[in-house]
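A.B. asks: Sharing a structure here in structure tokens format.
No lab work stands behind these numbers, since they all come straight from the coordinates. Everything numeric here is computed off the predicted structure, so don't read it as measured data.
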Amino acid sequence: MIRTDAEYEAALAQVQANKEARQRHENELGAAGLSASQVSAAIGVIASFQGQLEEEVALYEQMRNGKFDVTNLRHLGHALIGLRISSRITQRELAAKLQVHESQVSRWERSEYHGVSFERAQSVIDAIGAHINVNVAAPGARDAGVSRAESAQYLNKLGPDANAGCAANADLALAA
């Protein structure tokens, strides 16, 4: 995953270099007398790597434009990175706001914030100046055609202990 503008610029340069290398290899293999299917097989690894890199570039561009989606808490780290990127805040700036070393933010992002506490995640959201909305649906609510609002009303009627111990689906709406 691309996490910084420097990584993004390097990835763009690599995409271009890979395109040129692929074309060169195709020409060399064709000149050596290989058939089109043999050339295609020979450059398959390059094409696969290129496709993955282009997807990462596209994902970074989407995050930079504030377009990312989180449908469960397992992807919260991805959302935190996306929020920072879309807010145009560098890892260094975020580290300063959190009063931690820049390398700590880099480590968190490399692991996509795996294992950080909810308190730390909230402090990152606060430092970015974003907010989070969590919608939790009772089990089966989606399948039964029950809206999130109806689920919320139902759970509110049951009281604060209603979903203690129940596994729920959560959708997150994050905004910078």
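A.B. asks: With θ set to phi - 60° and the Karplus curve 6.51 cos²θ - 1.76 cosθ + 1.60, what are the ³J(HN,Hα) couplings of region 78-85 in order, to the nearest whole Hz, using x for Gly and Pro?
C.D. replies: For region 78-85, the Karplus curve yields 4, 5, 4, 5, x, 4, 4, 5 Hz.
A.B. asks: Also, I was wondering about something else. Residue by residue through region 92-103, which ³J(HN,Hα) values in whole Hz follow from phi under the Karplus form 6.51 cos²θ - 1.76 cosθ + 1.60 (θ = phi - 60°), with glycine and proline marked x?
C.D. replies: With coefficients 6.51, -1.76 and 1.60, one gets 4, 5, 5, 4, 4, 5, 8, 6, 10, 6, 3, 5 Hz.
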